[in-house]
């Protein structure tokens, strides 16, 4: 247990140090430092609180054992034995809780997220399904009081969505949505199907952590080609009379982002740069994890019907997540944003797998404590806990 205790004592020291930094007079005049230290404090606090409960439990346990082994009468010794049983169970529970809290943590978990939803295989029906997925995630965000902003929306003429880019902002938004990336499959009779035949269509979801402006350096003069044009709607018709649509090409990587939703060219450019930064960070992560690239490609896929993380079967009123083998009924409720049962299962499974890896590796992975890991399971893994963050940069 000494290894765990050493880690916990180090986290407690870090917590005290952060509190001391927050109390310094110079910190009170630095909003950036206050935000940074506040986030660090909130990450460390659950560990420190559980650690202090563990210390108190162990202190009580030592006292009960001393009473049991002392020269007191049998009634007191019997009471001590009962108390020891309860305290030992509390100690085991707290140790297990702390092992989970000490798992290397994705620093992006507390931040905002960019969702990219695209119609896959299935033509107009795929675009209609993509539209429903967009609404599902907007409703989910609303339920969790996350703020949402549709950064880009490319619609079809009958209410479908070819592509949508949405920023979801709020404490823990990325941690809740990071396993949603990959190919989503729908099975149902389309409204346009006269024969009543069930069709299978897909839409793809890419999940990227939002990136602060100073985290990714972009030389606008040398690295970017910025083109402006008039915004267009379904069918190509112009939707305004000014050149407000912005298309940014990142020359070193070849990534292209086009945003036209705002009437302001300045706002469209700012949104496009935000999406570009997120994609560039994801691209850098994938380069760092090149050894895993073949597995990532097989997990992400390209929207093909055969490649899926979740199936929405309307005739059977069933949603199946193929990574954790979970089936849920009440599909309309899921499509209305009731995703917590699925998301909680994915998060719990990821924790269990990483805890198993940690145990198999003799605990080395937790040595840096909470908040130390790089982007974790990411958007598109076929199972929670797959390496890397995000689902890959979409061109």
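Each reported figure results from applying straightforward, stated rules to the coordinates on display, with no laboratory input. On a predicted model such as this, the values are computed, not experimentally measured, just so you know. Cβ placement follows ideal geometry from the backbone for every residue including glycine, while neighbour counts extend to all protein chains displayed.
Spin-label pair residue 198-residue 67: with each label point 7 Å from Cα along the Cα-Cβ axis, the two points sit 6.3 nm from one another. The length gained by stretching the chain between residue 158 and residue 251 to full extension, at 0.36 nm per residue less their Cα-Cα distance, is 29.9 nm. In this simple spin-label model, placing a label point 7 Å from the Cα along the Cα-to-Cβ direction at both residue 333 and residue 229 gives a separation of 4.6 nm.
Over the range 2-101, the Kirkwood radius and the radius of gyration, each from Cα atoms, give a ratio Rg/Rh of 1.20. Using the Cβ-Cβ distance between residue 264 and residue 24 with R0 = 41 Å, the FRET efficiency computed as 1/(1 + (r/R0)^6) comes to roughly 0.50. When peptides 267-276, 110-119 are ranked by their average number of other Cβ atoms within 10 Å per residue, the highest-first order is 110-119, 267-276. Given R0 = 35 Å, the distance between the Cβ atoms of residue 314 and residue 213 translates into a calculated FRET efficiency of 0.25. Once the Cβ-Cβ distance of residue 191 and residue 322 is raised to the sixth power relative to R0 = 30 Å, the FRET efficiency obtained is 0.70.
Taken along the Cα-to-beta-carbon direction at a fixed 7 Å, the label points for residue 144 and residue 284 span 2.5 nm. You can think of it this way: the chain between residue 17 and residue 96 has 25.9 nm of extra reach, that is 0.36 nm per residue less the Cα-Cα gap.
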